[in-house]
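One structure is given below, encoded as structure tokens.
The values are calculated or read from the model by the stated rules, or taken from the named source; none is laboratory data. Small disclaimer: the values here were computed from a predicted structure and weren't measured. Virtual Cβ from ideal backbone geometry, glycine too; neighbours counted across all protein chains shown. Accessible surface is based on the protein model in full, side chains and every heavy atom, while ligands, DNA and RNA are left aside. Shrake-Rupley method; radii C 1.70, N 1.55, O 1.52, S 1.80 Å.
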Amino acid sequence: MAKTSMRMSAEERRESVILASMSEFARGGYNGTSTQAIADRVGVSQPYLFRLFPSKKALFMAAVTRCLEDTAAVFETVGEGLTGPAALEAMAESYLGLITDRERLLMQLQVYVSSGSDDLDEADREQIRLLWGRLWDSVAVRTGADVQEVTSFFAHGMLINTLVALGVPEGDRLWAGFDWGCWPARDQNSGQA
């Protein structure tokens with residue numbers, strides 16, 4: 001019997017390239033990631049990759065957009081029908097689940113690193129600020145929290161990003177004084193939220 005292969009549509013291939021780009025950029029950053037590595041990961045040629053995305057920067061920005069939009073979408077979904085502390089707690093718990101995907105966490109950190117580099121121009125930085133503003137709004141609007149509460153939510157989230165990215169173990173002194181606020185309390189024995 002002859003083997004049949006399923007051909008992907010251009011949109012499906014584009015989606016697979018974005019996901020592969022997120023993984024590659026998460027590990028190597030903008031400068032340390034080659035478009036050849038992304039093409040190889042997806043199983044396409046570099047010329048085909050550049051038919052889908054006109055430049056490495058366009059590919060990076062597609063990965064950045066996906067990373068931040070996915071997080072905002074999760075916040076909006078888990079916060080639906082909730083307000084106040086219940087919505088903040090649901091968002092915090094969902095975020096702790098998201099960052100168990102190390103590549104997603106690292107991609108998010110690469111967004112911040114690249115935003116301050118010469119690799120991106122002001123239009124790219126503005127796009128990132130708009131995406132981050134949507135992330136902020138997804139928390140503020142869904143929860144009804146005031147600006148101090150939203151600031152605290154994101155400040156705690158960034159501290160969690162740092163501690164998780166560094167691989168600081170749960171029982172370490174750096175976690176000990178952490179005021180979890182709306183964030184789910186951590187079980188020190190299991191390492192789970």
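Can you give the FRET efficiency for Glu11 and Arg102, using 1/(1 + (r/R0)^6), R0 = 30 Å, r = Cβ-Cβ distance, to the nearest 0.05?
0.60
Using volume of the Cα convex hull per residue in Å³ as the read-out, say which of (i) 140; (ii) 102; (iii) 165 was calculated from these coordinates.
(iii)
With labels modelled as points extended 7 Å from the Cα through the Cβ direction, what inter-label distance (nm, one decimal) is found for Glu122 paired with Ala176?
Inter-label distance under the simple model: 4.8 nm.
Rolling a 1.4 angstrom probe over the protein heavy atoms, how many square angstrom per residue are accessible across the stretch 10-64?
Heavy-atom accessible area per residue stands at 45 Å².
Take the solvent-accessible surface of the protein heavy atoms, probe 1.4 Å, and return the percent of it on the stretch 12-164 that carbon and sulfur atoms account for. Before the final figure, lay out the partial values.
Working: 3810 of 6980 Å².
Answer for the stretch 12-164 is 55 percent, counting heavy atoms of protein chains only.
Explain nothing, just the number: relative contact order of the stretch 44-166, from Cα pairs under 8 Å at least 6 residues apart, as a whole percent. Show your work: numbers first, answer last.
On the way: 84 pairs, mean separation 41.5, N = 123.
Computed value for the stretch 44-166: 34 percent relative contact order.
Of the residues Glu69, Glu24, Glu11, which exhibits the maximal mean-square fluctuation in a Gaussian network model of the chain defined by a 10 Å Cα contact cut-off?
Glu11
Once fully extended, how much extra length lies between Tyr112 and Ser94, figured as 0.36 nm per residue of separation less the alpha-carbon to alpha-carbon distance? Walk me through the intermediate numbers first.
Working: separation 18, 0.36 × 18 = 6.48 nm, distance 2.11 nm.
Stretched out fully, the Tyr112 to Ser94 stretch lengthens by 4.4 nm.
Which of the helices in the chain meet the span-like rule: DSSP H, Cα axial reach of 15 Å or more, Kyte-Doolittle mean at least 1.0?
Helices meeting the span and hydropathy rule in the chain are 147-166.
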